[in-house]
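Structure first, then comments.
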Amino acid sequence: MQVRSHLLLLSRYQGWALARLYDFLRDVTEADYRRDCGLFFKSIHGTLNHLLLTDRLWYGRFAGSPVSVAGLDEELCAERAVLREEILLSASRWPAFIDAVDAQRFDGDLQFITTEGTPRGMPFAATLAHVFNHGTHHRGQVSAALTALGYPAPEIDLYYFILAQEQAAGPLRAFLESKFAEINDEIAHYPSPIARCDVQLTKLLESRSDVVAHLKQLADAKAHGEAARVRAEILRSAAYDGDPAAEALMRATT
């Protein structure tokens, strides 16, 4: 897997894992949400606030628009609902950034100023991977706090995100492969002689090209952690208008 693809996967995994974690935080009482659980940033709220702060801090460094903070425990959002909105929004910025990065930058260094005011250079790609690894570390702390407080905690290992991509892509891939075989068979048994401008054959060839393109699009999307979005996009394509199998797949995903 190329560096860009791997980092795109990690960035989308971060957004998925945060959304899943917040699903499990809905039933946590306000008292438990703000309770000192012995975490490095004390409470669930404090830990999530730190995640937002560091996400903004690192994004600013990578994007060339550095931000300053009073400390790693500086509270950015006191309100629980606002913090949720802001942290999910912050996480959502990374895939587009990574997609737009010049390939040569991945082999270079990131130059930035630390929170102590010290200039530093770190390997660009490895440091970007650190951003998402750091998120995993603190989400694990929140999960441990949930368990200690008697609440269920989500399964949000990277494995489960990859599995979710397979579950999103699998049925559509099977549909597309079946469609490809069906069109190929129709082309192979097309009646001859074939007219020079046979409209029906041209349409079959174009349909086969669409299916091949969609299979590649789905494979790329799965590798980058966006199979669910691309699945819906493909199923809405005009190429499968009126196809009962495509309509059934669409209903199953809504």
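The values are calculated or read from the model by the stated rules, or taken from the named source; none is laboratory data. None of the values given here were measured: they were computed from a predicted structure. Because the Cβ atoms are built from the backbone with ideal geometry, glycine has one as well, and the counts that use them run over all protein chains shown.
Every listed requirement among (1) surrounded by 14 or more Cβ atoms within 10 Å (Cβ to Cβ); (2) on the phi > 0 side of the Ramachandran plot is met by GLY117 save one, (1). Just one residue in the set SER11, SER5 is in contact with a Pro (Cβ under 6 Å, 6 or more places away or on another chain) and touching a residue at least 24 places away in the same chain (Cβ under 8 Å); that residue is SER11. Could you check region 170-254 for helices (runs of 4 or more DSSP H) lying wholly inside it with 3 or more residues that are out of contact with any Phe, Trp or Tyr (no Cβ under 7 Å at 6 or more places or on another chain) and either in contact (Cβ under 8 Å) with a residue 40 or more places away in the chain or crowded, with 16+ Cβ neighbours inside 10 Å (or both)? It comes to 199-224, 227-235.
Determine whether ALA181 is more than 22 Å from ALA232 (Cβ to Cβ) and among the aliphatic types (A, V, I, L, M). In short, yes.
Conditions (1) closer than 30 Å to ASP243 by Cβ; (2) under 14 Å from the mean Cα position of the chain (by Cα); (3) outside the structural domain of SER209 (by TED's automatic domain parsing), marked per residue:
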{"site": "LEU89", "(1), (2), (3)": "no, yes, yes"}
{"site": "PHE97", "(1), (2), (3)": "no, yes, yes"}
{"site": "ASP109", "(1), (2), (3)": "no, no, yes"}
{"site": "THR114", "(1), (2), (3)": "no, no, yes"}
{"site": "ALA126", "(1), (2), (3)": "no, no, yes"}
{"site": "VAL142", "(1), (2), (3)": "no, no, yes"}
{"site": "ALA153", "(1), (2), (3)": "no, no, yes"}
{"site": "GLN167", "(1), (2), (3)": "yes, no, no"}
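Taken as a whole, the structure places TYR33 among residues that are surrounded by 15 or more Cβ atoms within 10 Å (Cβ to Cβ) and touching a His at 6+ places or on another chain (Cβ under 6 Å). Scan region 105-113 and give yes if some residue there is free of Cβ contacts under 8 Å to residues at least 60 places away in the same chain, farther than 27 Å from SER5 by Cβ and touching a Pro at 6+ places or on another chain (Cβ under 8 Å), otherwise no. Checked region 105-113: at least one residue is free of Cβ contacts under 8 Å to residues at least 60 places away in the same chain, farther than 27 Å from SER5 by Cβ and touching a Pro at 6+ places or on another chain (Cβ under 8 Å).
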